[in-house]
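The values are calculated or read from the model by the stated rules, or taken from the named source; none is laboratory data. Since we're looking at a predicted model, the values are computed, not measured. Note that each Cβ is placed from the backbone with ideal geometry, even for glycine, and that neighbours are counted across all protein chains shown.
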Amino acid sequence: MINDDTVFESGQLSIDLSDLEASFSNLVEDTYAVKGLRSRRYSRYRLSADGKLTHLPQKEFMQSKDINKAVGDVERRFEEVEPKLEGEPAFVKIFETFRDHTGLSPEAVIEAHQVRWNCENKVMIPAPEGTHQDGFDYIGMFMIDTYNLTGGDVLVYKSLSEPPIVKRSLKAGEYVVLNDKKLFHDASPLVPEPNNEAGHWDMIVLTANKA
Ligand SMILES: [Fe+2]
């Protein structure tokens, strides 16, 4: 369980994720990032004690300039996550897994970013803001699929002046959950395979504060 002492945990989802993959082809260009870097959807939910997701009204997404040097203090609006995902056992399992590691109460608001990073013909920097915090109590990064690229190690740091304490390439189904108040994160560049086929990195990122 993530707390002040255990600030990082990782694991492997024990559920078939293939029913989520099609929805990643249906994401919407993230116009706040470098053109072509990523596409995204974003929604907010609560997870009841018995594992039912309730969708909450959309809100603009904003991080302060202190947290995000690339697009801080900018209200970002994204298209909603497709409603059909709320009924997908694999989607719900991701939220339950996040709660298992954080002990979030049913009142906690969980924000979900469904993101595809694109990588074709050139190296892409996945986090233009560099090593950063997201501004929440907890973050979970759940890898759904990687295709036709290398690199993209998830990097976790205790401070901005020390080498990473975690450097890990996540395979489909693998995840990390971390205390965003205590740790910083980043990812190494995405490197395309030497062919002309588009590669991608599909992830669901959950963030939440204690209620
Ligand atoms: Fe982040």
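With the requirement that a residue be over 20 Å from SER18 (Cβ atoms) and either crowded, with 18+ Cβ neighbours inside 10 Å or within 16 Å of the ligand (Cβ to nearest atom) (or both), what does segment 100-117 give you?
To start, the set of residues in segment 100-117 that are over 20 Å from SER18 (Cβ atoms) comprises 100-111, 113.
Result: HIS101, THR102, LEU104, ALA108, ILE110, GLU111, HIS113.
Residue-by-condition table, conditions (1) within 14 Å of the ligand (Cβ to nearest atom); (2) surrounded by fewer than 20 Cβ atoms within 10 Å (Cβ to Cβ); (3) closer than 18 Å to SER10 by Cα; (4) among the charged types (D, E, K, R):
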| position | (1), (2), (3), (4) |
| --- | --- |
| ASP137 | yes, yes, yes, yes |
| VAL156 | yes, no, yes, no |
| SER161 | no, yes, no, no |
| MET203 | yes, no, yes, no |
Checklist outcome for this item: For LYS167, the lone unmet condition from (1) among the charged types (D, E, K, R); (2) assigned to a helix (DSSP H, G or I); (3) more than 26 Å from GLU82 (Cβ to Cβ) is (2)
Checklist entry - Does segment 176-198 contain any residue that is among the basic types (Lys, Arg) and farther than 25 Å from GLY103 by Cα? => result no
Checklist entry - Which one of these does PHE61 not meet: (1) modelled with pLDDT of 90 or more; (2) within 16 Å of the chain's Cα centre (by Cα); (3) hydrophobic (A, V, I, L, M, F, W, C)? => result (1)
Next on the checklist: Looking only at segment 98-147, filter to residues that are of a type in the set (Val, Ile, Thr) and part of a loop (DSSP other than H, G, I, E, B); which one of those is nearest to ASN195 (Cα to Cα)?
Outcome noted: VAL123
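Which one of these is surrounded by 16 or more Cβ atoms within 10 Å (Cβ to Cβ), more than 14 Å from the ligand (Cβ to nearest atom) and among the β-branched types (Val, Ile, Thr): THR150, THR97?
Working: THR150 fails: surrounded by 16 or more Cβ atoms within 10 Å (Cβ to Cβ).
Going through THR150, THR97 in turn, just one is surrounded by 16 or more Cβ atoms within 10 Å (Cβ to Cβ), more than 14 Å from the ligand (Cβ to nearest atom) and among the β-branched types (Val, Ile, Thr): THR97.
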Checklist entry - Quick one: which of MET143, MET124 is buried (at least 16 other Cβ atoms within 10 Å of the Cβ), in contact (Cβ under 8 Å) with a residue 12 or more places away in the chain, hydrophobic (A, V, I, L, M, F, W, C) and more than 15 Å from the ligand (Cβ to nearest atom)? => result MET124
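For every residue, the table says whether it meets (1) farther than 25 Å from GLU174 by Cβ; (2) at pLDDT 95 or above.
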| site | (1), (2) |
| --- | --- |
| ILE67 | yes, no |
| ASP73 | yes, no |
| ILE94 | no, yes |
| HIS101 | no, yes |
| ALA112 | no, yes |
| CYS119 | no, no |
| TYR138 | no, yes |
| ASP145 | no, yes |
Checklist outcome for this item: Flagged pairs (Cβ under 7 angstrom, 6 or more apart or on separate chains; first in segment 94-120, over 23 Å from MET62 (Cα atoms) and touching a residue at least 12 places away in the same chain (Cβ under 8 Å); second of a type in the set (Asp, Glu) and not in a helix (DSSP H, G or I)) are HIS101/GLU9
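Does THR131 fit the bill of being of a type in the set (Ser, Thr, Tyr), out of contact with any helix residue (DSSP H, G or I) (no Cβ under 7 Å at 6 or more places or on another chain) and within 13 Å of the ligand (Cβ to nearest atom)?
yes
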